Amino acid sequence: MHFEKVIVVDFGGQYNQLIARRIREAGVYSEVVSWETPLDEILIQKPKAIVFTGGPAAVSEENAPTIAKEIFESGIPILGICYGAQLTVHVLGGKVEQAIHREYGKKDLRVEEHPLFKAVDKETSCWMSHTYLVKEMPAGFTAIAQTDSCPVAAFANDTAQIYGVQFHPEVLHTPQGSQMIQNFLFEICGCKGDWQMGNFVEKSIAQIKEKVGDKKVLCALSGGVDSSVAATMIHRAIGKQLVCVFVDNGLLRKNERAEVEKVFTEAFDIQLITLDARQTFLDNLAGVTDPEEKRKIIGETFIRVFEKAAKDLGKVDYLVQGTIYPDVIESGTKNAAVIKSHHNVGGLPDVVDFEEIIEPLRDLFKDEVRVVGAELGLPNHIVQRQPFPGPGLAIRVIGDITEDKLSLLREADYIYREEVKKLAVVPWQYFAVLTNLRTVGVMGDERTYSYTLALRAVSSLDGMTADWSRIPLETLAHISNRIVNEVPNINRVVYDITSKPPATIEWE
Ligand code: XMP
């Protein structure tokens, strides 16, 4: 199988995968490699084009990331973005200098007649983020776009097919940036656009088949999108050599275990071992009220339960992880303060006896993973599933956890979700929280003293920030009615109208 490929050389910029993604969106397969990759390893892949990303360094700094000059003699079209553009100028003998002011944010951009700007407005805008400027271009280059403070906002050498843009065409703040990337691919490099997500699936399956051969693979399935898609893809490649393990920790939503079992064993015929650890988790959590403590206990219990199962299974050759690209970035940020300790399958590699990890979704964004899932035939309720935290309902029962409280929450949450799903626009994430507050109510002629349930619904792109959803009041009224009537021991329902920040999405 051979598709056209564009190699994105990463110089440490924050948007590096986004560039690859924009190229894939245009129908051309793209992969990111480090700037330290030897040139022959890049060239052997016969890329149709090479793109240099931005990066935080300055080209003149000692030990700044750089590139072999020979890459510009390869005859392969090159597009440098931000640092990548400055590096191109620097390596080819031009001059880059520190700007008087850092140029940051959305700027007006004037573009000239050039294939890179086909169908782009002469006066458009772009996203700038740089402190260095091209002062002098190497021989053979001309400027093809300007901003007020940046006379060389884009440059070209059409004979050598080498281009550079000082701004970021890959971000949404450059409204015609995708058009520019497409122009580079189709007008300049002559790409055909022969790639779709289906090809990625086929290619990955073929690679997994070849790599795994007749060996044994283990996957911890959580029922979430990422691990489900990863498992299904591996299963498609190697069938019964894959064993999936699903831990029922008793902190799942109503019907969740049955749904996972149904999809994976009935629809896909995947070897699935369900470990029923409900009691172990409840015992370990008994009397614990501190949110961080709960998370730690759940993480540790998961590892211990899995360890036992892994011992029974014996040595496996590969361990599958559903790591996706945002996880790769997140684990790379060492300085962020810990607001909540997140753990899903963290720690597993320590207790499973395996040779190597396989991460088939490592280069993809969440919505790309969903497309892959749909390609593999996974049902919508899995592929479009809303985020669900690893510690599950334990962090949605405030205070100490008992089976009674969990089952109250399960029922109320089910009603809430059932009703919200009927809305024309379904929020990004929505769930119920059982508070540990009891209040007085009246039902029939009787006094009640029961729990208060909180409803939460948010819109968000990635969970990092979120706004509370304006669910229609009639819907909220109907949900509240249903819950207090159908779920015993809940006599009050409140709706959370706080955004993140200052609140977080989950209550614990
Ligand atoms: P917070 O509450 O931090 O949540 O605003 C942001 C997003 O992350 C989810 N979340 C978790 N996901 N393991 C996960 O996989 C966890 O421990 C965890 N804690 C929170 C949360 O549901 C929201 O989508």
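Could you tell me how many of the residues in the range 66-84 are surrounded by 14 or more Cβ atoms within 10 Å (Cβ to Cβ) and farther than 22 Å from LYS5 by Cβ?
Count: 3.
Of the residues that sit in the range 465-496 and are of a type in the set (D, E, K, R) and assigned to a loop (DSSP other than H, G, I, E, B), which one is farthest from THR439 (Cα to Cα)?
The selected residue is ARG470.
Looking for something of a type in the set (Ser, Thr, Tyr), assigned by TED's automatic domain parsing to the domain that holds LYS46 and under 17 Å from ASN16 (Cα atoms) - is there at least one such residue anywhere in the range 157-173?
Checking the range 157-173: not a single residue is of a type in the set (Ser, Thr, Tyr), assigned by TED's automatic domain parsing to the domain that holds LYS46 and under 17 Å from ASN16 (Cα atoms).
Having 3 or more residues that are crowded, with 21+ Cβ neighbours inside 10 Å is the bar; report the strands (runs of 3 or more DSSP E) wholly within the range 216-334 that clear it.
Once the strands (runs of 3 or more DSSP E) in the range 216-334 are filtered for at least 3 residues that are crowded, with 21+ Cβ neighbours inside 10 Å, what remains is 217-221, 242-248, 318-320.
Pairs please, first residue from the range 77-89 and over 8 Å from ILE50 (Cα atoms), second anywhere and surrounded by fewer than 24 Cβ atoms within 10 Å (Cβ to Cβ) and of a type in the set (Ser, Thr, Tyr), Cβ atoms under 8 Å, 6+ apart in sequence or on different chains.
Close Cβ pairs satisfying both conditions: CYS82/SER129; GLN86/TYR132; LEU87/THR66.
Against the definition (among the acidic types (Asp, Glu), more than 24 Å from ALA503 (Cα to Cα), surrounded by fewer than 17 Cβ atoms within 10 Å (Cβ to Cβ) and more than 32 Å from the chain's Cα centre (by Cα)), how does GLU474 come out, yes or no?
yes
Out of the residues in the range 381-390 that are over 16 Å from PHE246 (Cβ atoms) and near the ligand (Cβ under 7 Å from one of its atoms), state the one that is surrounded by the fewest Cβ atoms within 10 Å (Cβ to Cβ).
Among those residues, the one meeting the criterion is PRO387.
Given the criteria surrounded by fewer than 17 Cβ atoms within 10 Å (Cβ to Cβ), under 25 Å from GLN384 (Cβ atoms), away from the ligand (no atom under 16 Å from the Cβ) and in the same structural domain as ARG410 (by TED's automatic domain parsing), does PRO488 qualify?
No.
Could you go through the range 37-52 and let me know if any residue there is out of contact with any Gly (no Cβ under 8 Å at 6 or more places or on another chain), in a loop (DSSP other than H, G, I, E, B) and surrounded by 18 or more Cβ atoms within 10 Å (Cβ to Cβ).
yes
Consider only pairs whose beta carbons are under 9 Å apart and that are at least six residues apart or on different chains; among these, list those whose first residue lies in the range 238-253 and is in contact (Cβ under 8 Å) with a residue 12 or more places away in the chain and whose second residue is buried (at least 20 other Cβ atoms within 10 Å of the Cβ) and acidic (Asp, Glu).
As it stands, the answer is ARG253/ASP413, since those pairs meet every condition given.
Does the range 419-435 include one or more residues that are over 31 Å from the mean Cα position of the chain (by Cα) and not aromatic (Phe, Trp, Tyr)?
No: the range 419-435 contains no residue that is over 31 Å from the mean Cα position of the chain (by Cα) and not aromatic (Phe, Trp, Tyr).
The values are calculated or read from the model by the stated rules, or taken from the named source; none is laboratory data. Source: prediction; values computed, not measured. For neighbour counting, all protein chains shown are included, and Cβ atoms are generated from backbone atoms with ideal geometry for every residue, glycine included.
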